Amino acid sequence: MEHLWLIPALPLAGFALNGTVGKRLPQIAVSLIAVAMPVLSFLWVLKTLSSLGSLETAYIERYFTWIESGALNIGVDFMVDRLTAVMLLVVTGIGSLIHLYAVGYMAHEGGYYRFFAYLNLFMFFMLTLVLGANYLLMFVGWEGVGLCSYLLIGFYFVRKSAADAAKKAFIVNRIGDFGYTLALFLMFVQFGSLDFGKVFAAVAPMPVEHSAGLLTAIALLLFVGATGKSAQIPLYVWLPDAMEGPTPVSALIHAATMVTAGVYMVARSAVIYQHAPLAMEVVAIIGLLTAVLAATIGITQYDIKKVFAYSTVSQLGYMFLACGVGAFAAGIYHVVTHAFFKALLFLGAGSVIHALEGEQDLRQMGGLRKKIPITFAVLCCAWVAIAGIPPFAGYFSKDEILLAAHHHHPWMYWVGVVTAAMTAFYVSRAMFLCFFGQYRGHHHPHESPFIMWGPLAVLAALSLFGGWYFKVPNYLAPLFPLAEGGHEMALVAISVAAGVLGIGVAYVLYVVKPGLADSIASALGGFYKLVYNKYLVDELYDAAVVRPIVHGSRSLLWRVVDVGLIDGCVNGTATLARGVGGVLRAFQSGNIRNYAAWVTLGSVAVLVVLGIAVGGAR
Amino acid sequence: MPSSVPLSWYLILSAILFGLGVAGFVVRRNIITVFMSIELMLNAVNLSFIAFSYQLRQVDGHIFSFFVMVVAAAEAAVGLAIILTVFKNRATLAIDDVSSLKN
Amino acid sequence: MDAILFLIFAAIAVGCGVNLVVQRHPISSALSLVGVMAALAVLYLLLGAEFMAAAQMIVYAGAIMVLFVFTIMLLNAGSERKTDKALFARLFGVPALIGFIVLIGFLIRTLLPKTENVVFGTFTEGTARGVGLKLFTEYLLPFEVTSLLILIAILGAVVLARKEI
């Protein structure tokens, strides 16, 4: 026994402690508990992995039967294989760093203990999601992280926008979960089990479905769940709004870990997907579309966190593209590197926001390079990483994905390259607007404390060298065989060139000739406005889905069904009872002789009936 | 004039007495008279018990009316005590004034 | 002879019963009830229930009715007030009563099996010996339970009649 349960149990203990008595503890104790638990969890992961060795096959620990009902038998089982190991390291490692950062970032916020309790709870659920050895246990984590996401987006719940964003995230995720649960039902009906091992063993000998079939349905339904959790078209709309939460939350949940759960789930279900090429195609195309769409929106946004949020959506699209073209290892690789540099981007953005006392608008920034040099330095590392400049983290994973895409369909590669250029462009734009030129705001920027930039420095190192040092695809080779064929240098050069081009264009537009960007924007006119307004997708959903439901509920369900039918039944019953009671009340005179008279009358009636019945029978 | 009467006459007498008891119960307003009406009803029932006992040539009917008598005695003791208490509290024996069964 | 006796005492019982109902003063009603009981005692005797006849006189007419009369005296109960509400009872009460009795009579005549004539002396089990045998063998437990009932009644009466309640 390696006591895998300790990994999620430690953050859960932190949640329990801070959630119950945190209010009475001094802030330092709350911080200590909150940070120590993920760190201990991380150390326990390291210890477990070192003692488990190479992990060529999955290591499973079975604890107890959770649900046993007829053929359904769900155990609380934890499983570690190489895929899990990668995710565990990312979740606990990045999670610990972000907890540490949050201690500094949240120092002056109200509800300090509450924040960390939620954050630890999130860690617990995320680790359950990753460790669970069956789809239902995974679903527990899946729902749990959704809950924590809701709680943390709505952390500033007195702000209406935050509360609304939280609700939006929850509801949109619920739509995705609907697909996930349907997939679960389908799997149970077909395979009689939700255990990864049993399901995959049942799927493996099945023929590959070239036309839509059972496995395609399961795969697509699972992917519906993934689009909700990992913010893909059409359910991505919640993620940009989720930036209402505190920045460490954006970094941990909405960039590094939770939103990658969908990718993890798809990679985990690789066997199913490999038997359903149609579903793979859908995944790839949705991923690609999301990547392009979100990148274009990201170019136009002025809120620094919104830019990074759309960047996250776009990068997640990349990951699904990878999965869709069969390069699951590359997808997970990108999950890892993206966790490094996107967490860094968000935390760096948080540091900027912290320095500017809450300012998030890029137009109110500028020239911060000299005022907050450490933040600038670490953000530069993230910048080169996400732009795909070799040999930094983003380059390796993005390259793997693009090569796999080219192998699958060359046009996907080209779209990917354009997206890569756009990615480099919008990040550069944000960097230039933020750190170069003249300071346009009216705050007094100050550098963040060590507890904040310390984790940033670690993440910066990971962003620079993490991709080169952690060769995830090689590590995952037993699960997902490496693609045959070497790197074609031409393709690599093109994608790198695209990144450089993006940076260069941004440099020209925002540093050399500021103002040119605005004139281009006005030249594009309507299209720019459309993109700036996020393609009016929110408005579209509002008009197509939300309003009909609200109006239908209001006019039909409320006024007709509820008021008319349900209330009518209830009130009718009451009226009936009152009417009958009114009649009966006349009998209840309180005068005992009246009662006696009625009793007599009743018994006489009985006698009459008796007489008629018996006399008639005679 | 026959020398004997059918048993049913006794039963009809019982019914008449019972009906009178009911009438007294319903008509009279004095609580003690009402109480006596109840006793009249009990007596009427006793008569029918004993009449049936004769018909069946069994003594069980006597036992039943004996028990009725016992219960009537107990009832009289408690009932009259209640009447005393009511009178002490309300200074009235009119049953209409004692309608606390309602509200 | 039996028929004459029955008719005489039935008439007394009915007359006293009517008197009980129509009298306004409770003491008149109480004395009427004593008359009913006495008449019934004779009828019991005619039915061969000599123990019950004695008990009727001793317990009912003797003890219970004395208790009634005593209470009436104690409370100094006067005549009932006349109220208008009695109009309804006056108009419909007597016809309803007659209807009730006719109904019962009809039921007795039609539904019961043919009843024999009551001849004094043909049923002699109702002596103190006959009743006692039954009471102390077959009905011993109920008999003992009645003692408990009476005990409870005494306690209840004592509690209720106490001064402060």
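The values are calculated or read from the model by the stated rules, or taken from the named source; none is laboratory data. Computed from a predicted model, the values in this text were never measured in an experiment. When we count neighbours, we look across all protein chains shown, and the Cβ atoms used for this are built from the backbone with ideal geometry, even at glycine. All accessible areas refer to the heavy atoms of the entire protein, side chains included, with ligands and DNA or RNA removed. Shrake-Rupley method; radii C 1.70, N 1.55, O 1.52, S 1.80 Å.
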Gap in Å between the Cα centre of the stretch A:373-405 and the Cα centre of the stretch B:30-103?
103 Å
So, counting K/R as plus one and D/E as minus one, what does the shell of residues with Cβ under 15 Å around A:Val76 add up to?
-3
Accessible surface buried upon B-A contact (total; probe 1.4 Å; Å², nearest 100):
900 Å²
Would you tell me the mean number of C-beta atoms belonging to other protein chains that fall within 10 Å of each C-beta in C:47-56, as a whole number?
6
Dimensionless Rg over Rh [the protein assembly as shown; C-alpha; Kirkwood]:
1.37
Evaluated at q = 0.16, 0.25 Å⁻¹: base-10 log I(q)/I(0), Debye formula over Cα of the stretch B:29-94
-0.61, -0.99
Compute the helix-to-body angle for A:214-229: its Cα long axis versus the longest principal axis of chain A, expressed 0 to 90° and rounded to tens.
80 degrees
How do A:245-254, A:295-304, A:473-482 rank on mean C-beta neighbours within 10 Å, highest first?
A:245-254, A:295-304, A:473-482
What is the local net charge at C:Thr146, summed over the other residues whose Cβ is closer than 15 Å to its Cβ (Lys, Arg +1; Asp, Glu -1)?
-2
Normalised by the residues of the stretch B:29-94, what does the relative contact order come to in percent, with Cα pairs under 8 Å and at least six apart?
41 percent
Whole-angstrom gap from the stretch A:44-68 to the stretch A:195-273, using each part's C-alpha centre
23 Å
Solvent-accessible area, 1.4 Å probe, carbon plus sulfur percent, for the stretch A:294-374:
50 percent
Of all C-alpha pairs within chain C, those more than 24 angstrom apart amount in percent to 57 percent
Other protein chain Cβ atoms within 10 Å, averaged over every residue that makes up B:86-94:
3
Summarise the accessible area of the stretch B:29-94 (1.4 Å probe, protein heavy atoms) by the percent that is carbon and sulfur.
73 percent
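What is the average number of partner chain Cβ atoms found within 10 Å of a Cβ in A:578-590?
That works out to 1 on average.
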State, in square angstrom and to the nearest 100, the accessible area buried between chains B and C, both chains counted, probe radius 1.4 Å.
7100 Å²
Ellipticity estimate at 222 nm from DSSP helix runs (n ≥ 4, -39,500 (n - 2.57)) divided over the protein assembly as shown, nearest 500
-23500 deg cm²/dmol
Would any residue of the stretch C:1-34 have its amide N under 19 Å from a label point 7 Å out along Cα→Cβ of C:Arg109? List them or say none.
C:7, C:11
Please tell me the relative contact order of chain A in percent, rounded to the nearest whole number, where contacts are Cα pairs under 8 Å and at least six residues apart.
11 percent
